[in-house]
Amino acid sequence: MAARKTTRKPNVSAEDLTRFYRDMLLIRRFEEKAGQLYGMGLIGGFCHLYIGQEAVVVGLEAAADEGDKRVTSYRDHGHMLACGMDPKGVMAELTGREGGYSKGKGGSMHMFSKEKHFYGGHGIVGAQVPIGAGLAFSDKYKGNDRVTFAYFGDGAANQGQVAETYNMAELWDLPVVFVIENNQYAMGTSVKRATKSPDFWERGAAYGIEGEAVDGMDVLAVKAAGEKAVAHCRAGKGPYILEVMTYRYRGHSMSDPAKYRTREEVQKMRDERDPIDHVRTMLLDGDHASEEDLKAIDKEIKDIVNAAAEFSKESPEPALDELWTDIYADDVPQEA
Amino acid sequence: MATEILMPALSPTMEEGTLAKWLVKEGDTVNAGDILAEIETDKATMEFEAVDEGVIGRILVEEGTEGVKVNTPIAVIGEAGEDMSAAASSGADAPSSADAGADAPKEAPAAPKVAAQPAAPPRPDRSPDWPEGTETVTMTVREALNQAMAEEMERDDSVFLMGEEVAEYQGAYKISQGLLDRFGPRRVIDTPITEHGFTGLAVGAAFGGLRPIVEFMTFNFAMQAMDQIINSAAKTLYMSGGQMGAPMVFRGANGAAARVGAQHSQDYAAWYAQVPGLKVAMPYTAADAKGLLKSAIRDPNPVIFLENEILYGRSFEVPKLEDFTIPFGKARIARAGSDVTIVSFGIGMSYAMEAAGKLAEDGIEAEVIDLRSLRPLDTATVIDSVQKTNRMVTVEEGWPMGSIGYSLAAIVSREAFDWLDAPVISCTGKDVPMPYAANLEKLALTSTDEVIEAVRKVTYR
C-alpha cells in the first residue's frame, strides 16, 4: 500500500481540512444510502460504490480550477458529488426518475453535467481515457489553459486504448492528468494476477510521460500531487500520470460477493487507513474542530443525503414519450 | 427511532434469498459497515452490511430461512435503551408480505403504445437539388469531397480533420490533398496508426465543443474503433438526457476495392444504419458527395459517411453554387420509369443504372432511386414509386442478412402490400467473405446481370 513516492504535504488551513472532511463524508453517506436503496429495490441494474476511495476525488478537486474538465468510469457517484453536482439529481438518476441528471435515461453509469464540466460516467472499461485526452485536445485547440482529469482504474490501465492515448497525449502535449485509481482489484482480479508490471504510473515512461504514485488514503497527499500535475499541464508540458493508491471497501458492484479477498484485509484498511478518520483525527488533534463541530457536520450531511433519497423516491418516472427524445439533436424520424 | 431492516436485493435479478446466517444477535450494538448477516442468492453468498449505527432490537427472520422475499423485514434496529417492541410486533408477521416496503416503486401502469411518428405518412420531397439553369462543372468524387471539407473548414474554425496520412502524405487516397498547406497542422492532423485511440480522442474533442472529421483510411479499420463510434458517439446524447452529444463526421472508403481480400472488402452500410443516434450517408455522384459531406460536417449529430475507392475517380456534374448542400433523408430519382422500382445507393447505383439502360432497350422502363442517405431513410419516395410500378428490386454490395434491401422489403410489404405484384428481390453481395481470386471476387459481388435478371423475375418478362 505504501506509495513509492509521495509529494511533500503542504500546510493546510482548518477551513480546507473541514471542507475535505465534509466532502468525503458526503460521498460516503451518499453511497451508503445508495446501497440501502439498492437493497430496497429502488435502484436497479449495476451500482458501483465509491466507499473507501473518497480522498482521491476530493483531493484532486481541491487542485482543480473553474473550467477544468473531468471524465471517469462507471464508479462515478463520488466524482459527481466532488465536482459540485446536486446529490438530489444524482440519486434520482440512480432510481431512474425524471429528476435525475439524465432524466432517468442514463442510470448509475451514465450521468453528465455540462455546467460542472463533468463528461461522464462511461460504462466501457477504459473508453473514457481517449475521451479525456480529446477533451484536453479541445482546450488546447481553443488556446485556453484548462486541464482535464481522466480517471480510470487499475483494470482499465491494461486496456489497449489507454496505451494508444498515452502515445498521442504526449505526442501532442495534451493538458490531461491521467488519474489511475488503483484500488487493487479489477472486479475480482488483483493487480498481481493481471500484470507483471504493477507500477502503473511507470508505464508512462515508455511514452515520455512523467508521473508518480501517491497515497490515495491521504487527501492532503492527493491534493499536493494533483497541484503538481495540474501545474505541469497548465505550463504546456503535456500530460501527467498520477497513480493513486486507494482501496474500495465494498464489492465491485452491488452483486459482488467479494470472495477474492479476506474480510480481515478489508477491516484492516478500514481500521488503519480510512481517509475520513484520517482527516477527523487531524481536525481533533490539531484543535481545529470539536466533537460537537463534527457532529454538526455529520448531521448536515445526513440531512442532505436524506433529502436526496426522498427526492429520488418522490420524483416521478420519466414520461413515456421520453423514450423517443434525445436520440438526435435535431428532428429525425425513427423507425416505428 | 426503531427502523426495520429489510431483506436486501443483492443483484439486479434477485427476488428472494436464503438468510443463511446471522452474525449479530439481539442487543448487539452495530456500526455502519458491520456485517449483519450472510445471505445466499442463486449466484453466491453475500455479506449484508449495516447502513446505520444502532442496537439490534429484534431478529424477525431466523437464520436458515429459505425463500425470504426481497424487502421483507428481517430485523429491527434502534437506539440503545429504546423500546422496539412496537416496530417488532408490526414486523413479526411480515415475512409473507413481499411488497411490504412502503418505498417500493409503484408498479408501472401498462404502457400505452407511444407512437414515434404521427400516423400520416410523409409525402416525398421532389424539390430539385439545385435551381433550374444553374451552371455545372464536371469533377471527380475525390475533388468534390476535398472541396466540401475545404469550404466547411473555411466556414467554421472548430472543424478539423484527423486520421492516418491525411496531412503530409496528402491523404492515402488524396481526398485531403492541399488541406495541410491551406489550414496548417493545427487543423489537419496526422495520427499514429491507432484507430481505437484517435476515434475516442475525437469523440472527446466533440464533447469539448469541436467539430471533428475523422478519416478512416478505410472503414475496415473502423472496426477497431467500433466501441467509441457506437457506445460513446451515438449514445451519449440519449444517455445524458440531451445535455451533450458528439457532432462529428466519420468518413472514408467503404466496401470492396479490387483484389484486396476479405479483410479489406466489406460494406458497412447496414451495420451503421442499424444504430439509433447515428446518421449514415453513402453517396454515389460527386454532387451528392459534396452536398452531403457539407451537411454532415454541419450536422449536430455523429454522421457516418461511407465513400468508395472505385468511385473516387469517377466524374459527375456538380452545380457551381456558393454554398451547395444536400439534406439527409431525401432520396434522388436518378431515372424515371413505370415498370419496376430499383432502389440502390453508393456503388450499387452503377449496377442499377447500367441495368436500367439495358432493360430500356428491351422496353422495360425502370425507375431508379438513389437513397443517398440510409439513416434517415427516405421511405416515402420508395413507397410512392412502388405504388406506381408495383415491383421492387434492391441493389447493394453488402451481405444479405440484415441488409438495407431486406429492411426495405419489410417496410414496403408493411406500407404498400396491396400494391405489390411480385415479391421484392434484393441483389446483394454473396453470403461469403470476399475471396482474392479474380473470378471468385467477381462472383461474390452483385452485378448488372443479376439486377437485370431480378427485374425480369419481378416483371415476369
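The values are calculated or read from the model by the stated rules, or taken from the named source; none is laboratory data. Treat the numbers as computed from the prediction; the structure is a model and nothing was measured. Cβ placement follows ideal geometry from the backbone for every residue including glycine, while neighbour counts extend to all protein chains displayed.
Residue B:344 meets each of the listed conditions (1) among the hydroxyl-bearing types (Ser, Thr, Tyr); (2) under 30 Å from residue B:158 (Cα atoms); (3) under 23 Å from the mean Cα position of the chain (by Cα) apart from (2). Do we have residue B:318 as in a strand (DSSP E or B) and within 14 Å of chain A (Cβ to nearest Cβ) here? Criteria not met by residue B:318. The set of residues from region B:371-418 being under 19 Å from the mean Cα position of the chain (by Cα) and part of a strand (DSSP E or B) comprises B:373, B:374, B:375, B:377.
Out of contact with any Pro (no Cβ under 8 Å at 6 or more places or on another chain) and in a helix (DSSP H, G or I): does that describe residue B:351?
On the way: out of contact with any Pro (no Cβ under 8 Å at 6 or more places or on another chain): yes; in a helix (DSSP H, G or I): yes.
In short, yes.
Residues that are within 14 Å of chain A (Cβ to nearest Cβ) and crowded, with 24+ Cβ neighbours inside 10 Å within region B:167-190 comprise just one, B:188.
Any residue that is within 22 Å of residue A:172 (Cα to Cα) and at the interface with chain A (Cβ under 7 Å from one of its Cβ atoms) - is there at least one of those in region B:231-244? Break it down stepwise before answering.
First pass over region B:231-244, keeping only residues within 22 Å of residue A:172 (Cα to Cα): none.
The answer is no, given that none of the residues of region B:231-244 is within 22 Å of residue A:172 (Cα to Cα) and at the interface with chain A (Cβ under 7 Å from one of its Cβ atoms).
Only one of the numbered conditions (1) at the interface with chain B (Cβ under 9 Å from one of its Cβ atoms); (2) farther than 27 Å from residue B:160 by Cα; (3) of a type in the set (D, E, K, R) is violated by residue A:203, and that is (1).
Evaluating residue A:291 against the criteria (1) exposed (fewer than 13 other Cβ atoms within 10 Å of the Cβ); (2) closer than 23 Å to residue A:106 by Cβ; (3) in contact with a Leu (Cβ under 8 Å, 6 or more places away or on another chain) leaves one unmet condition, (2).
The sole residue among A:211, A:226, A:236, A:286 that is closer than 24 Å to residue A:165 by Cα, loosely packed, with under 15 Cβ neighbours inside 10 Å, of a type outside the set (A, V, I, L, M) and in contact (Cβ under 8 Å) with a residue 12 or more places away in the chain is A:236.
In summary, helices (runs of 4 or more DSSP H) completely within region A:1-99 and bearing 2 or more residues that are at pLDDT 95 or above and under 17 Å from residue A:120 (Cβ atoms) occur at A:54-61, A:77-82, A:87-94. Evaluating residue B:223 against the criteria (1) hydrophobic (A, V, I, L, M, F, W, C); (2) under 18 Å from residue B:396 (Cβ atoms); (3) under 15 Å from the mean Cα position of the chain (by Cα) leaves one unmet condition, (2).
For region B:7-26, state whether one or more residues are modelled with pLDDT under 75 and more than 28 Å from residue A:261 (Cα to Cα).
Quick first cut of region B:7-26, residues modelled with pLDDT under 75 only: none.
No, region B:7-26 has no match at all.
Just for region A:126-170: of the residues that are part of a loop (DSSP other than H, G, I, E, B) and in contact (Cβ under 8 Å) with a residue 60 or more places away in the chain, which one is surrounded by the most Cβ atoms within 10 Å (Cβ to Cβ)? If we take residues in region A:126-170 being part of a loop (DSSP other than H, G, I, E, B) and in contact (Cβ under 8 Å) with a residue 60 or more places away in the chain, then A:147 is surrounded by the most Cβ atoms within 10 Å (Cβ to Cβ).
Answer yes if at least one residue in region B:188-201 is in contact (Cβ under 8 Å) with a residue 60 or more places away in the chain and under 23 Å from residue A:144 (Cβ atoms), and no otherwise. Full working, then the answer.
Residues of region B:188-201 in contact (Cβ under 8 Å) with a residue 60 or more places away in the chain: none.
Taking every residue of region B:188-201 in turn, none turns out to be in contact (Cβ under 8 Å) with a residue 60 or more places away in the chain and under 23 Å from residue A:144 (Cβ atoms).
Select, from B:396, B:450, the only residue that is of a type outside the set (A, V, I, L, M), closer than 27 Å to residue B:264 by Cα, in the same structural domain as residue B:372 (by TED's automatic domain parsing) and in contact with a Cys (Cβ under 7 Å, 6 or more places away or on another chain).
Only one candidate passes the filter, namely B:450.
Condition check ((1) within 30 Å of residue A:143 (Cβ to Cβ); (2) within 13 Å of chain B (Cβ to nearest Cβ); (3) touching a residue at least 12 places away in the same chain (Cβ under 8 Å)) across all residues:
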{"position": "A:45", "(1), (2), (3)": "no, yes, yes"}
{"position": "A:54", "(1), (2), (3)": "no, no, yes"}
{"position": "A:64", "(1), (2), (3)": "yes, no, yes"}
{"position": "A:76", "(1), (2), (3)": "yes, yes, yes"}
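Scoring residue A:121 on the criteria (1) under 19 Å from residue A:311 (Cβ atoms); (2) facing chain B (nearest Cβ under 10 Å) leaves a single failure, condition (1).
If only one of B:338, B:403, B:373 is outside the structural domain of residue B:276 (by TED's automatic domain parsing) and without any contact (Cβ under 8 Å) to a residue 60 or more places away in the chain, which one is it?
Details: B:403 fails: without any contact (Cβ under 8 Å) to a residue 60 or more places away in the chain; B:373 fails: without any contact (Cβ under 8 Å) to a residue 60 or more places away in the chain.
Criteria check complete, one pass: B:338.
Evaluation of residue B:47 against the conditions (1) within 13 Å of chain A (Cβ to nearest Cβ); (2) outside any loop (DSSP other than H, G, I, E, B); (3) over 19 Å from residue A:32 (Cα atoms) shows that the sole unmet condition is (3).
Yes or no, residue by residue, for (1) crowded, with 23+ Cβ neighbours inside 10 Å; (2) away from chain A (no Cβ under 14 Å); (3) touching a residue at least 60 places away in the same chain (Cβ under 8 Å):
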position: B:343; (1), (2), (3): yes, yes, yes
position: B:360; (1), (2), (3): no, yes, no
position: B:396; (1), (2), (3): yes, yes, yes
position: B:415; (1), (2), (3): no, no, yes
position: B:423; (1), (2), (3): no, yes, no
position: B:432; (1), (2), (3): no, yes, no
position: B:453; (1), (2), (3): no, yes, no
position: B:457; (1), (2), (3): no, yes, no
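Quick test for you: out of B:291, B:313, B:261, pick the one residue that is touching a residue at least 60 places away in the same chain (Cβ under 8 Å), surrounded by 23 or more Cβ atoms within 10 Å (Cβ to Cβ) and either in the same structural domain as residue B:153 (by TED's automatic domain parsing) or not acidic (Asp, Glu) (or both). Don't jump to the end; show me each part of the working.
Details: B:313 fails: surrounded by 23 or more Cβ atoms within 10 Å (Cβ to Cβ); B:261 fails: surrounded by 23 or more Cβ atoms within 10 Å (Cβ to Cβ).
None of the other options fit; the residue is B:291.
With B:200, B:209, B:241, B:245 as the choices, which residue is of a type outside the set (Val, Ile, Thr), crowded, with 24+ Cβ neighbours inside 10 Å and part of a loop (DSSP other than H, G, I, E, B)? Within the list B:200, B:209, B:241, B:245, the selection yields B:245. Before we move on, is residue A:330 surrounded by fewer than 17 Cβ atoms within 10 Å (Cβ to Cβ) and touching an Asp or Glu at 6+ places or on another chain (Cβ under 8 Å)? Here the answer is yes, as residue A:330 does meet what is asked.
Any residue in region A:78-85 that is crowded, with 22+ Cβ neighbours inside 10 Å, within 15 Å of residue A:42 (Cβ to Cβ) and more than 9 Å from chain B (Cβ to nearest Cβ)? Scanning region A:78-85, I find no residue that is crowded, with 22+ Cβ neighbours inside 10 Å, within 15 Å of residue A:42 (Cβ to Cβ) and more than 9 Å from chain B (Cβ to nearest Cβ), so the answer is no. For region A:223-336, the helices (runs of 4 or more DSSP H) that sit wholly inside it and include 3 or more residues that are on the phi < 0 side of the Ramachandran plot and more than 14 Å from every other protein chain (Cβ to nearest Cβ) are A:275-285, A:291-314. Within region B:143-152, is even one residue part of a strand (DSSP E or B) and not acidic (Asp, Glu)? The answer is no; no qualifying residue exists. Against the test of being among the β-branched types (Val, Ile, Thr) and more than 8 Å from every other protein chain (Cβ to nearest Cβ), the options A:147, A:129 yield a single qualifying residue, A:147.
Please specify each residue of region B:31-44 satisfying the condition of being in a strand (DSSP E or B) and either more than 9 Å from every other protein chain (Cβ to nearest Cβ) or of a type in the set (D, E, K, R) (or both). Within region B:31-44, B:36, B:37, B:38, B:39, B:40 qualify.
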